[in-house]
Ligand SMILES: Nc1ncnc2c1ncn2[C@@H]1O[C@H](COP(=O)(O)OP(=O)(O)OP(=O)(O)O)[C@@H](O)[C@H]1O
Ligand SMILES: [Mg+2]
C-alpha cells in the first residue's frame with residue numbers, strides 16, 4: 001500500500017458480542033484494517049464467521065461492541081448514504097416500481113429534485129448498459145440484470161464506497177463470471193472504493209487488490225493478501241501459476257484456522 | 001349482459017313467482033318477486049333511511065378496522081416480542097365466537113350506532129392485523145437494512161418499503177376483514193338496535209311480513225357487494241404489480 005493514497009474507510013479494534021438467551025457470543029474480535037481510496041478489497045472466510053456483521057458495522061447499520069469505524073477520518077455512528085452504498089445477495093429492488101424509479105428511490109429519499117433524479121438514473125442505466133429497460137419492472141429482468149440495476153441504484157447517489165455482501169452469490173457460474181468483469185469495468189470507470197464479501201476464493205482474487213481473510217469464532221482477520229496481479233484482468237489469469245499460488249496461500253490460511261477450530265467440532269467449508 | 005343470461009334470469013324469476021302463486025311453499029318461508037317489489041313500492045322511504053344508517057356504520061367501522069388492523073399488524077410484524085406475546089392471546093380470544101361478547105358491547109356502547117360500529121370493528125380487526133403481521137414478517141430482512149442504509153427514517157421504511165412489500169398479504173386480510181365488518185354491522189343491528197337494514201329484517205320478520213324481510217336481505221346483499229367492489233378497486237390500484245409477476249418467487 002503506497003502511503004500517499006488516503007484511507008477512506010478504517011476499522012479500529014472492532015468487536016461484536018451478541019447475547020443470545022443471555023449467553024454472549026463473541027462474533028467479531030479486534031478487527032483492524034484500513035482501505036485506501038479507490039481500492040478493491042475482498043473479504044473471505046468461513047460461513048458464519050461474521051462477514052455480514054462486519055459489513056453492516058462498516059455501514060453504520062449495526063453498532064459495534066468495541067472499537068470504531070472511521071470514514072474519511074470521522075467516526076461512523078449511523079448510516080451515511082451520501083458516502084456509502086450497500087448491496088446484498090438479493091437485489092432488494094422494489095417490485096412495484098419501474099427500473100428507473102428504483103434507481104431514483106435513494107435519491108428521492110435524499111431529497112434530490114425530480115429533474116436531476118431522472119438525469120442521474122438515465123446516466124446510471126447507461127453505465128450498466130441497461131438503458132432500454134428503464135420502463136420495465138424488476139420481475140421482467142434476469143437475476144444478473146437485477147444485480148446490475150442494484151449496482152446502478154447504489155452508484156446513483158455518487159457515494160465514495162460500495163459495500164457488497166456476496167452480491168453474485170445467487171447467480172449461476174457463467175453469469176457470475178460476467179458480472180465480475182462488469183463490476184471491474186464499472187469500478188475502473190467510477191473509481192469507487194469497493195469492499196466485497198464472497199465465498200469464492202477465485203472470485204475474491206480475480207477482482208481484488210487486497211484480500212482480507214477471516215477466521216471463525218471469534219471472527220478475526222488472519223491474513224491480508226496483496227493480490228497484486230496485473231490489470232486489466234482477463235479470465236485467462238485464473239489459470240496462471242501465480243494466481244494458483246496466491247489462491248493456495250489463502251486456502252491454507254482458512255483451512256489451517258479450521259483445524260484449530262476442529263476441537264469445537266466445526267467443519268464449515 | 002348477454003341475452004342468454006337474461007333468459008336464464010327471467011326463467012328463474014318466473015319459476016320463483018310460480019312457486020309462490022301455486023302456494024307450493026308457504027308465505028312465511030318465501031316471498032315472491034312481486035311481493036318483494038310490492039314491499040319496495042310501499043316502504044322504500046323507510047328502507048332508504050335504514051340504508052343510510054347502515055352504510056354510515058359500515059363506513060366508520062371499516063375506517064377503524066383498517067387503520068387499527070394495519071397499524072397493529074405492522075407493530076407486531078416489526079417487533080417480534082410484541083408478536084410473540086400477542087399471537088397466542090389473539091388466538092385464545094378467537095376461540096370464543098365473537099357474537100357471545102355482543103351483550104357486553106351493548107352495555108359499554110349503548111343501543112345506538114356506537115355498539116354496532118365497535119362490534120364490527122372488532123370482527124374485522126383480527127384478520128386484517130394477522131395478515132398484515134404475516135405479510136410484514138415475510139419481507140426479506142435485507143429490505144429493512146437497505147431502507148436504513150439509504151437514509152430512510154423508521155416511518156419511511158414502514159410506509160415506503162414494508163407496507164407496499166406486504167400489500168398482497170394485507171389485501172387478503174382486508175378482503176376477509178371488510179366482509180366481516182359488513183356482516184358484523186348487520187348482525188348487530190338484527191340483535192338489538194334502533195334502525196338500519198338489519199333492524200328492518202328482524203322487525204319485519206317478527207311481524208311476519210316476509211316480502212319486507214327479503215327486501216332487507218337484498219339491501220344487506222347490496223351493502224356487501226358495494227364494499228367488495230370498493231375494495232377490489234383499491235386492491236387493483238395497489239397490487240397491480242403483483243399480477244404482473246405471477247409465477248415469480
Ligand atoms: N442479530 C444477531 N443476534 C445474534 N447473533 C447474531 C446476529 N447476527 C448474527 N449473529 C451471529 O453472528 C455470527 C456471524 O454472522 P454473520 O451473518 O455476520 O456471518 P457471515 O460470515 O456473514 O455468514 P455467511 O457467510 O453465512 O453469510 C453468526 O454466528 C450469527 O449466528
Ligand atoms: Mg453473510
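The values are calculated or read from the model by the stated rules, or taken from the named source; none is laboratory data. As the structure is a prediction and not an experimental result, all values here were calculated from the model. When we count neighbours, we look across all protein chains shown, and the Cβ atoms used for this are built from the backbone with ideal geometry, even at glycine.
One residue is enough: does the stretch A:22-40 have a residue meeting the conditions buried (at least 22 other Cβ atoms within 10 Å of the Cβ), more than 16 Å from ligand 2 (Cβ to nearest atom) and outside the structural domain of residue A:137 (by TED's automatic domain parsing)? Scanning the stretch A:22-40 turns up at least one residue that is buried (at least 22 other Cβ atoms within 10 Å of the Cβ), more than 16 Å from ligand 2 (Cβ to nearest atom) and outside the structural domain of residue A:137 (by TED's automatic domain parsing). Per this entry, residue B:127 is not counted among residues that are part of a helix (DSSP H, G or I), within 10 Å of another protein chain (Cβ to nearest Cβ) and touching a residue at least 24 places away in the same chain (Cβ under 8 Å).
Exactly one residue out of A:20, A:41, A:75, A:35 is in contact with a strand residue (DSSP E or B) (Cβ under 8 Å, 6 or more places away or on another chain) and over 21 Å from residue A:198 (Cβ atoms), and it is A:75.
Quick one: which of A:76, A:86 is within 18 Å of residue A:159 (Cβ to Cβ), free of Cβ contacts under 8 Å to residues at least 24 places away in the same chain, in contact with a helix residue (DSSP H, G or I) (Cβ under 8 Å, 6 or more places away or on another chain) and more than 13 Å from ligand 1 (Cβ to nearest atom)?
A:76
A quick yes/no check of all residues on (1) modelled with pLDDT of 85 or more; (2) assigned by TED's automatic domain parsing to the domain that holds residue B:43; (3) under 22 Å from residue B:27 (Cα atoms):
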{"site": "B:196", "(1), (2), (3)": "yes, yes, no"}
{"site": "B:208", "(1), (2), (3)": "yes, yes, yes"}
{"site": "B:213", "(1), (2), (3)": "yes, yes, yes"}
{"site": "B:217", "(1), (2), (3)": "yes, yes, yes"}
{"site": "B:222", "(1), (2), (3)": "yes, yes, no"}
{"site": "B:225", "(1), (2), (3)": "yes, yes, no"}
{"site": "B:237", "(1), (2), (3)": "no, yes, no"}
{"site": "B:240", "(1), (2), (3)": "no, yes, no"}
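With respect to (1) within 16 Å of ligand 1 (Cβ to nearest atom); (2) out of contact with any helix residue (DSSP H, G or I) (no Cβ under 8 Å at 6 or more places or on another chain); (3) within 14 Å of chain B (Cβ to nearest Cβ), the lone exception for residue A:165 is condition (2). In the set B:176, B:161, B:183, B:170, only one residue is touching a residue at least 12 places away in the same chain (Cβ under 8 Å), on the phi < 0 side of the Ramachandran plot and surrounded by 23 or more Cβ atoms within 10 Å (Cβ to Cβ); that residue is B:170.
The numbered conditions (1) assigned by TED's automatic domain parsing to the domain that holds residue A:233; (2) more than 18 Å from residue A:238 (Cβ to Cβ) are all true for residue A:179 except (2).
In the stretch B:43-62, what residues are within 25 Å of residue B:126 (Cβ to Cβ) and surrounded by 18 or more Cβ atoms within 10 Å (Cβ to Cβ)?
Within the stretch B:43-62, B:54, B:55, B:57, B:58, B:60, B:61, B:62 qualify.
Here residue B:139 fulfils each of the conditions (1) surrounded by fewer than 24 Cβ atoms within 10 Å (Cβ to Cβ); (2) away from chain A (no Cβ under 14 Å) apart from (2).
Within the stretch B:40-53, residues that are farther than 18 Å from residue B:113 by Cβ have Cβ atoms under 7 Å from residues that are in a helix (DSSP H, G or I) in these pairs: B:40/B:215; B:43/B:212, counting only partners at least 6 apart in sequence or on another chain.
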